[in-house]
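The values are calculated or read from the model by the stated rules, or taken from the named source; none is laboratory data. Just so it is clear, the structure is predicted and the values come from calculations on it, not from any experiment. Please note: Cβ atoms are built from the backbone with ideal geometry, for glycine as well, and neighbour counts cover all protein chains shown. What goes into the accessible areas is simple: the full protein's heavy atoms, side chains included, and nothing from ligands, DNA or RNA. Shrake-Rupley method; radii C 1.70, N 1.55, O 1.52, S 1.80 Å.
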Amino acid sequence: MVGTENNPTIAIIGGTGAEGRGLGFLWAQAGYSIILGSRSVSKAIARASDLNARIDEGKPSLRGMDNLAAVQSCEVSILTVPYQAHKSTLLELRDGLQGKILVDVTVPLIPPEVDRVQLPVGLAASLEAQEILGSGVRVVAAFQNVSAEHMNVDGSVIDCDVLVCGDDSGARSEVIRLVQAIGMSGLHAGPLANAVAIESLTPVLIGMNKRYGVKNAGIRVTGIPRSDE
Ligand SMILES: NC(=O)c1ccc[n+]([C@@H]2O[C@H](COP(=O)([O-])OP(=O)(O)OC[C@H]3O[C@@H](n4cnc5c(N)ncnc54)[C@H](OP(=O)(O)O)[C@@H]3O)[C@@H](O)[C@H]2O)c1
């Protein structure tokens, strides 16, 4: 988990939630400059301050901003909002995201049946994101199968693969580097269309959590040699 001075600044849209806070904490510990975004600046600052209290000395402090300012101040954005807020959030931030990579973590869960695959109209949240944002934004889908339960425990090893898909292979590679920086194994998982399958695994995992009485079921792909293991 070693960061360098060349690391991109990362903004987490909806970064006050469980998934966004977890990712933000891990990247900050890895030396990345992190901005937590929120609809409320004061909430963003408060959540950033909570995480800063847990960050090792010498690591960059997380900052809090409103979502638009966060996006305007970063090189890579991570979207962690409930599916119900996905379209409206992207429409608000569309201009600020142009020219950047957006990593969509959103899973199109439709309560109350969150343990059942329910495809959205556009088949995947990240495909809908690409449609809303246009070709000026490189949308990559990742982390949908990683429970926040893993990420909000100090020092825990995250025993998960992260399937990373997107239509721009350079953007995919950049996101895989971000995955590896926080101790997980990122795998190229093809074009953004494959997000239909990857997002759909999450309700399956939620069902398994319930069935087996756990909170963090995840996935591991076998048969691929890993250079870091
Ligand atoms: N939690 C997990 O374990 C997990 C795992 C994999 C994938 N995911 C996916 O990651 C996304 C975030 O999950 P989460 O558990 O972190 O969600 P969450 O805590 O319910 O929400 C995250 C943030 O989204 C913002 N938000 C909520 N309602 C909104 C609205 N109507 N309009 C705009 N912003 C709104 C809130 O930020 P502000 O109030 O500060 O604006 C909130 O803190 C979801 O799509 C989820 O399916 C979650």
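Using protein chains only and a probe of 1.4 angstrom, how many square angstrom of Ile101 are accessible, to the nearest 10?
It works out to around 10 Å².
Name the long-range amide H neighbours of Ile219: under 5 Å, sequence gap of 5 or more, or other chain; modelled H, no Pro or chain starts.
For Ile219, whose amide H was placed from the backbone, the distant partners under 5 Å are Asp161.
Give me the Å³ per residue figure for the convex hull around the C-alpha atoms of the chain. Write down the numbers at each step before the final one.
On the way: hull volume 27.8 nm³, N = 229.
For the chain, the hull spanned by Cα atoms encloses 121 Å³ per residue.
Distance from the Cα centre of the stretch 37-95 to that of the stretch 154-208, in angstrom?
Using only Cα atoms to place each centre, the spacing works out to 20 Å.
Quick one: which residues, 5 or more positions from Gly186 or on another chain, have an amide H under 5 Å from its amide H? H modelled 1.01 Å from N in the peptide plane, none for Pro or chain starts.
Val162, Gln180
So if we plug the beta-carbon distance of Ile45 and Gln98 into 1/(1 + (r/R0)^6) with R0 = 45 Å, what FRET efficiency do we get, rounded to 0.05? Before the final figure, lay out the partial values.
Details: r = 26 Å, r/R0 = 0.59.
After rounding to 0.05, the efficiency reads 0.95.
Using a 1.4 angstrom probe and counting only protein chains, how large is the accessible area of Lys210 in Å², to 10?
For Lys210, solvent-accessible area is about 120 Å².
Between Ser135 and Val114, 0.36 nm times their residue separation minus their Cα-Cα distance comes to what?
Taking Ser135 through Val114 to full extension adds about 4.5 nm, to one decimal.
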